[in-house]
Every structure is written in C-alpha cells, then in structure tokens.
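Data first, discussion second: the structure below is written as structure tokens.
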Amino acid sequence: MWPRIVTKPLLRILHEDPDFVVVDKESGMLSVPGRGPEKRDCVAERVRAMYPGSPEQPAVHRLDMDTSGLLVVARTREAHRNLSRQFQRRETKKAYVAILEGELRGASGTIELPFRLDIDNRPYQIYDPVHGKIGITYWQRIHVDAGRTRISFIPVTGRTHQLRVHAAHERGLGIPIVGDPLYGNGTGPAQLKLHARDLAFSHPSTGVPMSFRSEPPF
C-alpha cells in the first residue's frame, strides 16, 4: 500500500508583494518554529515553502500561537531589515480586537503595567514592579453583549503576552480574554478570542504607507 500523503492547507495571503507578504494567521498556528520537530510547522516555514528564495528566518514580528490575525513576513533580506527596524522603532501601527470574560465598565483608558517572564513557569508572564519591563496599551470598549465585552486594544509596546496580561491582571482590566489557557479559563488550543485586526507600516522599498485590515472571526 502506498503511504498516505497529508497535504497542509496554504496560508491565507491578504497581500502579495516581491518584498513581503501579509498573512491572516489562524488561531492555533505558530508564527515561527518551536522546539522539536512536531513544532516545525508555522507561518514562517509555510511562507518559505510557498515563496522559494525567502530568507531563512522571514518573520518580522510574531503573534502568540493562539492569537489570530495579521502578520507581515519578509521575502528578501533587505525587506526583513527594513521592516524589523520599523517595528523596533515603533513606526508601525497595530490594533487588536478581543472579547473579555466579563463586563467592562469603563469606556477607554491606558494600561501601564511592568511584567516579566516567570522563569519557573514558562511562558507565563508575571507582574513585577521592580524587575519587570513596562508594557503600555491603549484600550477602548466596543460593546457589551451577554455578559462579555468586545474591546479594541492598541499596544504601544510589543511585549510577550502583553494584551493577555493587561486584560487579566487586577492592575490592568482585571478581566481575562475569552479562551485564554494561561491567564483565563481556556481549556485547549485555538480558543483565544484575540485577533490582530489592523496593521500599518511603510513599504520597505518605496516608503509608501501600507495598511491592512482583517475582521475577527468571532
């Protein structure tokens, strides 16, 4: 009997350019390879397979595995350097949509919360006013429905798990994001209701402003 060949679905590409592609990542998919062969499949590896000649490490930025939404991935080394520099200098613009596991009373605000990796419980992040690095997020309530709040997040900084920590921690909003397995009540992968909806940056070759939107699947 011939071995069964399992084909993996292609990525959803929202924009294709000689310098980069913009991907609409599904929840549950890694942005970059994890440790071990079972965690090799990811956005970066699929882009390399779809576009031969892409850099060995094409990812410019990352989304958590359980976060869905927009990612820009470089197709050339020059584009990778330029786009990475834009993210490092905070010249890009990003906005997320999430659903919180409760009713949020305020209309809008800013969260400034220092946190760091819990080295004894990776990848969990913990509040630490002494050794933590500050994370800054603007938020705006969209609406409340059936005891849950739809909210828009605009991160100023780009810390690991920033929006998830800022939502769940009592010094932030005090309400975890629906389906969060680390900071909330999620029980499995691909349940997190957090979506990278908007992404804007300058074209790495021409400097022309580029903006993209992906409406959340929830």
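Summary of values
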{"quantity": "Breaking point among (1) loosely packed, with under 14 Cβ neighbours inside 10 Å; (2) among the charged types (D, E, K, R); (3) touching a helix residue (DSSP H, G or I) at 6+ places or on another chain (Cβ under 8 Å), for Glu170", "calculated": "(3)"}
{"quantity": "Identity of the residue in the stretch 192-214, more than 14 Å from the chain's Cα centre (by Cα) and part of a loop (DSSP other than H, G, I, E, B), that ends up surrounded by the fewest Cβ atoms within 10 Å (Cβ to Cβ)", "calculated": "Val208"}
{"quantity": "Strands (runs of 3 or more DSSP E) (entirely within the stretch 112-182) containing at least 3 residues that are within 18 Å of Ser68 (Cα to Cα), touching a strand residue (DSSP E or B) at 6+ places or on another chain (Cβ under 8 Å) and not assigned by TED's automatic domain parsing to the domain that holds Leu70", "calculated": "148-155"}
{"quantity": "Contacts under 8 angstrom Cβ, first residue in the stretch 57-75 being part of a loop (DSSP other than H, G, I, E, B), partner among the acidic types (Asp, Glu), 6 or more apart", "calculated": "Asp66/Asp180; Arg75/Asp17; Arg75/Asp19"}
{"quantity": "Count of the stretch 107-123 residues which are more than 21 Å from the chain's Cα centre (by Cα) and of a type in the set (Ser, Thr, Tyr)", "calculated": "1"}
{"quantity": "Verdict on Gly188 being assigned to a loop (DSSP other than H, G, I, E, B) and within 24 Å of Lys39 (Cα to Cα)", "calculated": "yes"}
{"quantity": "Check on Ser27, touching a Gly at 6+ places or on another chain (Cβ under 9 Å), surrounded by 12 or more Cβ atoms within 10 Å (Cβ to Cβ) and either of a type in the set (S, T, N, Q) or part of a loop (DSSP other than H, G, I, E, B) (or both)", "calculated": "yes"}
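The values are calculated or read from the model by the stated rules, or taken from the named source; none is laboratory data. Keep in mind the model is a prediction, meaning the values are calculated, not measured. Neighbour counts run over all protein chains shown; Cβ positions are idealised from the backbone, glycine included.
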